[in-house]
Amino acid sequence: MPLFDFWTSHRAELVEMLQQHLLLVVLAIGAAVAIGVPAGIVAAHRPRVGRPVLAFANVAQTIPSLALLGFLLPLPFIGGVGPRTAVVALILYALLPIVRSTAVGLRTIDPSVLEPGVAMGMTPRQLLHLVELPLALPSIVAGVRVATVVTIGTATIAAAVGAGGLGEYIFRGLSMVDATVILAGAVPAALLALLADAFLTWLERQLAPGSARRSSRTAIAVGVGGALLAIVLAAGAAANAGRGRIVVGSENFTEQVILGVLVAQTLLR
């Protein structure tokens, strides 16, 4: 079956998987930014404390994704089958670029730029929020861009622990040795990564020094993008809440996958 015909005949399922994929990415990146930016600040200002943080992020990045999911599955409050395990794994993978870019952005600020603020009597906290972070913002956004692109691709592994997303098509296609089904999940994931990279690259340029005149347009673009993303995720959540969700498990080979789909379709009638 041609790829576009497959998408057309499975459009409702494709939209649901796309929403699940976006939700996984947004939750993981949001949590990684909330953890990684403060960790990067600590790494830049207190190297003794920051070195273990960077070492932990480096080690987490080197663990293969399927192995990391296997390590997390038996852990209480974190593991288990479902989106929770996948989100934790994606957060760990997204930490390194965010922590490192934040630390590098703060370390590369010219000390002469900070001297007027010190002379004016600014506290270290004021200096950080009013001078250092705005100057380091392009570097931070660059790290978030790398983390987002990596997370969109890595989130396809979430299907291995029942977290949904576009990886469902990839794993299904591998089980059935069907290139069309594999591409049905791989192509949208690649397009999502390219769109995220293009938008965040543009945002990074807008926040670069000398682009202050564009700040209002940047704020409008970020607001519109965030609103559209929130609408998509809210629509997906409302759709899932409006009907009972049935999960049918099966073995990872063709006959069992087909049997699982048939059982699910029978239960939905």
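The values are calculated or read from the model by the stated rules, or taken from the named source; none is laboratory data. Keep in mind the model is a prediction, meaning the values are calculated, not measured. FYI the Cβ positions are ideal-geometry reconstructions off the backbone, even for glycines, and counts take in every protein chain you see. The area values use the complete protein model at the heavy-atom level, side chains included, leaving out ligands, DNA and RNA. Shrake-Rupley method; radii C 1.70, N 1.55, O 1.52, S 1.80 Å.
Only the Cβ atoms of Lys and Arg (+1) and of Asp and Glu (-1) were treated as charged; on that basis the dipole of region 35-171 about its Cα centre amounts to roughly 260 debye. Spin-label model, residue 174 to residue 31: label points 7 Å out along the Cα-to-beta-carbon direction sit 2.3 nm apart. Accessible surface of residue 178, taken over heavy atoms with a 1.4 Å probe and every protein chain present, rounds to 50 Å². The packing ranking of peptides 182-190, 152-160, highest mean first, is 152-160, 182-190, where packing means the average number of other beta carbon atoms within 10 angstrom of each residue.
Each peptide among 61-67, 118-124, 51-57 gets the average number of other Cβ atoms lying within 10 Å of its residues, and from highest to lowest they stand as 51-57, 61-67, 118-124. For region 103-155, the spread of Cα coordinates along the three principal axes comes to 47, 17, 12 Å, biggest extent given first. Here the 3J(HN,Hα) profile of region 116-130, calculated from phi with Karplus coefficients 6.51, -1.76 and 1.60 at θ = phi - 60°, is x, x, 5, 5, 7, x, 5, 6, x, 5, 5, 4, 5, 6, 9 Hz, Gly and Pro shown as x.
For region 7-114, the ratio of Cα radius of gyration to the globular rule of thumb 2.2 N^0.38 Å stands at 1.34. Of the peptides 191-197, 130-136, the order by per-residue mean of other Cβ atoms within 10 Å, starting with the highest, comes out as 130-136, 191-197. Using 1/(1 + (r/R0)^6) with R0 = 41 angstrom and r between the beta carbons of residue 45 and residue 15, what's the FRET efficiency to the nearest 0.05? It comes to 0.35. Computed extension length for residue 261-residue 107: 50.0 nm, one decimal, from 0.36 nm per residue of separation with the Cα-Cα distance subtracted.
Give the residue from 74, 136, 126 lying farthest towards the positive end of the charge dipole for region 47-146; charges sit on Cβ (+1 for Lys and Arg, -1 for Asp and Glu) and the dipole is referred to the Cα centre. My answer, from the dipole projection, is 74.
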